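Note sheet for the following structure.
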Amino acid sequence: MSETLKEKTAKGIFWGGMSNALQQLLNLVFGIFLARKLSPSEYGMVGMLTIFSLIASSIQESGFTAALANKKEVTHRDYNAVFWFSILISGGIYLILFFCAPLIADFYHTPELTPLARYVFIGFVISSLGTAHFAKLFKEMKVKQRTIATFTALCISGIVGVTLAYMGFSYWGIATQNICYILVTTCFFWYYSGWRPTLKLDFGPIREMIGFSSKILATNIFNHINNNVFSVILGRFYNEHAVGYYNQGNKWNTMGHNLITGMVNTVAQPVLVEVKDDKERQLRVFRKMLRFTAFVCFPVMFGLSLISSELIVILITEKWLQSAQILSILCIGGAFLPMTNLCSNLVISKGKSNIFLWNTVCVSLLQLAAMIALCPFGIEVMLYVYVGINVLWMLVWHHFVNRELNYPLYLALLDIANYLITAAVVMIAVGFATQCIENIYLRIGAKIIMAATLYLGIMYVQKNEMLQEIRRMRFRF
């Protein structure tokens, strides 16, 4: 990598890491207050609507952020077309969902969902106002500005959500928190992008990008189905309590792997696109990103699985203890998600959005069929199979990476095996060593300190490349 690109990547990872660390910290703080105040059923009410909001948001965005990032030259005409297209599409979708809200409530056998759905869905309409502005910030790798936007929005929306919960607004407080977050980030995206739309409607650029972006759109929709299939099935065949317990466990799992995914995502696609004309160089960049991701995600996610019970009880009380087992299982699969995401970024950077699409469609349909078939056997069996499918699907993603970069499986395994094995052995050893500690606070403290010391100590003794890179990077900021 040239010095310019290397500096840009390092700064992007730094600010991406800072952004996601701050986001997860604030989510942690406000999540503790909300979880202590609200019940699992109240959490489940909003959780049952999540998949509809996410799919609607994907449709209004329509994959144009990735399409614009993949274009060599982007003009005002391109951004303006995306801006007006997103607004028109979101307005149409909202009207459809507004009138379909009673049907959604009937599906879940919960009449209270009708007014809540109509309120929650306002969020993706507001989000459409900032689609083009976010795409511009993403294209230009303005990670610092996005960090400030998300941090401020989390602070404001978190305060609003907690205040409303303590005032007795129940799940309406969570819904308002989500809408407030979207509104604040959209305002900041307008401010930092410096771009303003014009009234001239020209959808010519949409026609040029639709071939690529439509595949990203379909992929995102199936991704949301895959990630939220449990909430739908549990809401339909179990109850809102089960949805609440699952959503709480999945929330902590998501905070963990999003910390790494978000850090890498801020630079992965733009950087891989920049070097895509040099295959050998792109392979070097990809391998370094993969090793960095493995270095971080395996100890973080396996560690989160290790302390799941103590973490849940200490932070949000024993009423959420059923979420701890769910969290422990999900974290195993969550350890592989950042690497899957990196593979998909490589495929997109090569302009192969069709591969991205069909890969996601196949795994989503497989997950959905498996969950429906296993529904009578209980949540735990469903979770193990769900995680197993996600982990094994890494092999499918690698097949396409190998086809693009000539990166054989044995070499990929060598790149990540040390981090996987070291993290797994360390967490198992620490789990056995601390099981005799009865005090929950001493036990979680001992687990964290011992696991971090052992993992970093082993990396230091090995003179690990990634550890040395991170130590050098630290002094640049």
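The values are calculated or read from the model by the stated rules, or taken from the named source; none is laboratory data. This one's a predicted model, so the numbers in the text were calculated from it and none came from an experiment. So basically every Cβ, Gly included, is an ideal-geometry build from the backbone, and we count neighbours across all protein chains shown.
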### Message
Please return the ranges of helices (runs of 4 or more DSSP H) entirely within the stretch 376-460 where 1 or more residues are assigned by TED's automatic domain parsing to the domain that holds Asn345, over 30 Å from Val229 (Cα atoms) and among the charged types (D, E, K, R).
### Response
394-405, 409-434
### Task
Name the single residue, out of those in the stretch 459-477 being surrounded by 10 or more Cβ atoms within 10 Å (Cβ to Cβ) and aliphatic (A, V, I, L, M), that is modelled with the lowest pLDDT.
Met473
### Task
Of all residues in the stretch 76-95, count the ones that are over 27 Å from the mean Cα position of the chain (by Cα) and either within 15 Å of Ser58 (Cβ to Cβ) or without any contact (Cβ under 8 Å) to a residue 60 or more places away in the chain (or both).
1
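Residues are listed down the side, and each one gets a yes or a no for (1) assigned by TED's automatic domain parsing to the domain that holds Ala175; (2) assigned to a helix (DSSP H, G or I); (3) at pLDDT 70 or above; (4) farther than 30 Å from Ile174 by Cα:
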site: Thr9; (1), (2), (3), (4): no, yes, no, yes
site: Phe14; (1), (2), (3), (4): no, yes, no, yes
site: Ala21; (1), (2), (3), (4): no, yes, no, no
site: Asn27; (1), (2), (3), (4): no, yes, yes, no
site: Leu54; (1), (2), (3), (4): yes, yes, yes, no
site: Ser58; (1), (2), (3), (4): yes, yes, yes, no
site: Ala69; (1), (2), (3), (4): yes, yes, yes, yes
site: Lys72; (1), (2), (3), (4): yes, no, yes, yes
site: Asn80; (1), (2), (3), (4): yes, yes, yes, yes
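Listed here are the residues, each with its yes/no results for (1) of a type in the set (Ser, Thr, Tyr); (2) under 27 Å from Ile96 (Cβ atoms); (3) at pLDDT 85 or above; (4) crowded, with 20+ Cβ neighbours inside 10 Å.
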| site | (1), (2), (3), (4) |
| --- | --- |
| Ser128 | yes, yes, yes, yes |
| Glu140 | no, no, no, no |
| Gly161 | no, no, yes, yes |
| Tyr192 | yes, no, yes, no |
| Phe203 | no, yes, no, no |
| Ser231 | yes, yes, no, yes |
#### Entry: Search result, residues across the stretch 372-413 that are out of contact with any Lys or Arg (no Cβ under 8 Å at 6 or more places or on another chain) and over 21 Å from Ala335 (Cβ atoms)
Ile372, Ala373, Leu374, Cys375, Pro376, Phe377, Gly378, Asn402, Arg403, Pro408
### Query
Do we have Phe85 as within 17 Å of Ile51 (Cα to Cα) and modelled with pLDDT of 85 or more here?
no
#### Entry: Ala369 being hydrophobic (A, V, I, L, M, F, W, C), in the same structural domain as Gln282 (by TED's automatic domain parsing), over 25 Å from the mean Cα position of the chain (by Cα) and exposed (fewer than 15 other Cβ atoms within 10 Å of the Cβ)
no
#### Entry: Residue within the stretch 347-369 that is at pLDDT below 90, part of a helix (DSSP H, G or I) and charged (D, E, K, R) present
no
### Task
Check whether at least one residue in the stretch 396-419 is touching a residue at least 24 places away in the same chain (Cβ under 8 Å), in contact with a Gly (Cβ under 8 Å, 6 or more places away or on another chain) and among the small types (Gly, Ala, Ser), and report yes or no.
no
### Task
Could you grab the pairs with beta carbons closer than 6 Å, sequence gap of 6+ or different chains, first residue in the stretch 222-233 and outside the structural domain of Ser364 (by TED's automatic domain parsing) and among the aromatic types (Phe, Trp, Tyr), second one surrounded by 20 or more Cβ atoms within 10 Å (Cβ to Cβ) and in a helix (DSSP H, G or I)?
Phe222/Thr360; Phe230/Tyr246
### Query
Across the stretch 142-153, what is the number of residues that are modelled with pLDDT of 85 or more and surrounded by 21 or more Cβ atoms within 10 Å (Cβ to Cβ)?
2
### Query
Quick one: would you say Ala373 is small (Gly, Ala, Ser) and modelled with pLDDT of 90 or more?
no
### Task
State whether the residues of the stretch 37-51 include one that is under 22 Å from Leu129 (Cβ atoms), buried (at least 20 other Cβ atoms within 10 Å of the Cβ), touching a helix residue (DSSP H, G or I) at 6+ places or on another chain (Cβ under 8 Å) and modelled with pLDDT under 75.
no
### Message
Condition first: over 28 Å from the mean Cα position of the chain (by Cα) and at positive phi. Can you find one or more residues in the stretch 444-467 that meet it?
### Response
yes
### Task
Go through (1) surrounded by 19 or more Cβ atoms within 10 Å (Cβ to Cβ); (2) over 21 Å from the mean Cα position of the chain (by Cα) one by one and return the number of the condition Asn345 breaks.
(2)
### Task
Mind listing whichever residues of the stretch 375-402 are buried (at least 18 other Cβ atoms within 10 Å of the Cβ) and not polar (S, T, N, Q)?
Ile379, Met382, Leu383, Tyr386, Val387, Trp393, Trp397, His398, Phe400, Val401
### Message
So for the stretch 104-118 (the condition being crowded, with 18+ Cβ neighbours inside 10 Å, of a type in the set (Phe, Trp, Tyr) and either at pLDDT 85 or above or out of contact with any helix residue (DSSP H, G or I) (no Cβ under 8 Å at 6 or more places or on another chain) (or both)), does at least one residue qualify?
### Response
no
